[in-house]
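Chemist: One structure is given below, represented as structure tokens, and several questions about it will come after.
Nothing in this text is a laboratory measurement; each read-out follows from the coordinates by a stated rule. Since this is a predicted model, take the numbers as computed values, not measurements. No Cβ is skipped: glycine too gets one built from the backbone with ideal geometry, and neighbour counts run over all protein chains shown.
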Amino acid sequence: MTLTYKDRSLANMNQLADHTKAAALKWVNFLEKNNMDILIYETIRTEAQQREDIQKGVSQTMKSYHLVGQALDFVPIQNGKADWNGYDHPDVQKAVAEAKNLGFEWGGDWSHFVDKGHLQYVYKGYGTDTFGQQVTTPTQPQNTGIDIKQGSRGKDVERVQRAVGATPDGIFGPTTEAKVKAYQKHHGLTPDGIVGPKTWTVMF
Ligand SMILES: [Zn+2]
């Protein structure tokens, strides 16, 4: 299914920095494949707009990732209309999980200022993404065939942590294990807390 507001979403996405845009395009492909509908209604913001948003109370920092083209704001679309209360819908949560797989940080995970329509692409840090460069879209992580479980460390652990909503610190501890078990239960997998090939395939 094509996004209802695809042209508008794409026009906004075109203003993003290169790697952020590539990841966002990949996300939109996933949404369309899975019949999920959203509108990307804002991406890059000027300093003046940001100052205004702070005054309105909808933003809190002058170091917003929007200023550097590394953030986007989206709203779920229900029956052709923006559904501002729709962020907790299971489909939207699936969309958010995929965005996290692609490397986005979700504003809904923030504890200080929850912002469920906000996704930012950290890349190599604030203001590090490029403009006007050719980039290859991020590839799906390949499973190395080694189980990821308590005690594991590294990039794959970070990916798993993002997918299950744990803090992506790259260290597979008891909290990550509990979240993996919950994820497995939810997806009809054996909840053993070990990310083997089966769980990996469902996750990615
Ligand atoms: Zn935002």
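Chemist: Taking the 0 to 90 degree range and rounding to the nearest ten, how far is the long axis of helix 155-164 tilted relative to the main principal axis of the chain, both from C-alpha atoms?
Modeler: Roughly 70 degrees, rounded to the nearest 10.
Chemist: Which of V68, M1, V157 sits closest to the plus end of the dipole of the chain, meaning its Cα is farthest towards the positive end, when Lys and Arg get +1 and Asp and Glu get -1 on the C-beta?
Modeler: After comparing all options, I get V157.
Chemist: Next question. Could you give each residue of the range 39-46 its phi-based ³J(HN,Hα) in whole Hz, using Karplus coefficients 6.51, -1.76, 1.60 with θ = phi - 60°, and x for Gly or Pro?
Modeler: Using θ = phi - 60°, the values come out as 10, 8, 9, 8, 10, 7, 9, 7 Hz.
Chemist: I've got another one for you. Would you give the gap between the C-alpha center of the range 145-167 and the C-alpha center of the range 35-103, rounded to a whole Å?
Modeler: If we compute the Cα centre of each part, the gap is 26 Å.
Chemist: Taking the Cβ-Cβ separation of V202 and L10 as r and a Förster radius of 30 Å, what is the calculated FRET efficiency to the nearest 0.05?
Modeler: On the way: r = 30 Å, r/R0 = 0.99.
So, using R0 = 30 Å, E works out to roughly 0.50.
Chemist: Output wanted: per-residue J couplings in Hz (rounded whole) for the range 92-106, from phi through Karplus 6.51 cos²θ - 1.76 cosθ + 1.60, θ = phi - 60°, x for Gly and Pro.
Modeler: Each residue of the range 92-106 in turn: 5, 5, 5, 4, 5, 4, 5, 4, 5, 4, 7, x, 7, 9, 9 Hz.
Chemist: Another question about this same structure. Name all residues of the range 2-20 having a backbone nitrogen under 20 Å from the label point set 7 Å from the Cα of F131 along its Cα→Cβ direction, giving them as ranges.
Modeler: 9-20
Chemist: Continuing with the same structure: Using only C-alpha atoms and all pairs of different ones, pull out the Kirkwood radius for the range 1-150 in Å with one decimal.
Modeler: Working: mean 1/r = 0.0623 Å⁻¹.
About 16.0 Å for the range 1-150.
Chemist: Read phi for every residue in the range 188-204 and hand back ³J(HN,Hα) as whole Hz from Karplus 6.51 cos²θ - 1.76 cosθ + 1.60, θ = phi - 60°, with x for Gly and Pro.
Modeler: Ordered by residue, 3J(HN,Hα) equals x, 9, 5, x, 9, x, 10, 8, x, x, 5, 4, 4, 4, 5, 5, 10 Hz.
Chemist: Determine, for each peptide in 51-63, 73-85, 13-25, the mean count of other beta carbons within 10 angstrom over its residues, then list the peptides with the highest first.
Modeler: Working: 51-63: 12.1, 73-85: 15.5, 13-25: 20.8.
Top of the packing list down: 13-25, 73-85, 51-63.
Chemist: Helix-only mean residue ellipticity at 222 nm, the chain, DSSP H runs n ≥ 4 weighted -39,500 (n - 2.57), per residue, nearest 500. What is it? Don't skip to the end; give the middle numbers.
Modeler: Values: 7 runs with 76 residues, N = 204.
Helix-only estimate at 222 nm: -11000 deg cm²/dmol.
Chemist: Okay, moving on. What is the dipole size for the chain, taken about its Cα centre, with +1 at each Lys and Arg Cβ and -1 at each Asp and Glu Cβ, in debye to the nearest 20? Please list the in-between numbers first.
Modeler: Working: 23 positive and 23 negative charges, 68 e Å.
Approximately 320 debye in magnitude.
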